[in-house]
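Structure record follows, encoded as C-alpha cells.
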Amino acid sequence: MLPEQTQGIGGSYSWEDQDGIGTMKTLATTPNQSITQQMQFADFPPSQVTWNFKPNKDGTTNTTWTISGKDLPFGFKAFATFMGGMEK
C-alpha cells in the first residue's frame, strides 16, 4: 500500500527486502538543483540523503548522491565500510 502522498515535499515511499524495512521522505527541493530526503532503515537512526544536480551544456545532468547520519551504531558503520560505503 502506498502512502497518501508520494510526491513533492512530504511525499514518501517504503520498501521491504531481505535486510529489513526502509522509508524515504522528501524534506526539501530546489527545482533543477537539489532534493533533500530523510531515510529510515529498520531501527537505525534516520539519515539525510541529498541529491545535487548540475546541468551540462550538452543537455545531460551530473547527479551527486550523498548520505549522512548521526549516532549510527558501530555495527552499521562497519557493515557499510565492508560493503564499500553507505552509497552502495
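The values are calculated or read from the model by the stated rules, or taken from the named source; none is laboratory data. Nothing here was measured: the structure is a model prediction, and the numbers come from that model. Cβ placement follows ideal geometry from the backbone for every residue including glycine, while neighbour counts extend to all protein chains displayed. Only protein heavy atoms, including side chains, enter the accessible area calculation; ligands, DNA and RNA are left aside. Shrake-Rupley method; radii C 1.70, N 1.55, O 1.52, S 1.80 Å.
Can you tell me how many residues in the stretch 45-65 are open to solvent by 60 Å² or more (accessible area, probe 1.4 Å) and not in a loop (DSSP other than H, G, I, E, B)? Full working, then the answer.
Going through the stretch 45-65, the residues open to solvent by 60 Å² or more (accessible area, probe 1.4 Å) turn out to be 48, 51-55, 57-65.
Now drop any that are not not in a loop (DSSP other than H, G, I, E, B), which leaves 48, 51-55, 61-65.
Residues flagged as open to solvent by 60 Å² or more (accessible area, probe 1.4 Å) and not in a loop (DSSP other than H, G, I, E, B) within the stretch 45-65 amount to 11.
Taking MET86 as the residue in question, decide whether it is modelled with pLDDT under 95, surrounded by 15 or more Cβ atoms within 10 Å (Cβ to Cβ) and assigned to a loop (DSSP other than H, G, I, E, B).
yes
So in the stretch 1-44, with the set limited to residues that are open to solvent by less than 50 Å² (accessible area, probe 1.4 Å) and not in a strand (DSSP E or B), which one is nearest to GLY69 (Cα to Cα)?
Looking at residues that are open to solvent by less than 50 Å² (accessible area, probe 1.4 Å) and not in a strand (DSSP E or B), I get ALA42.
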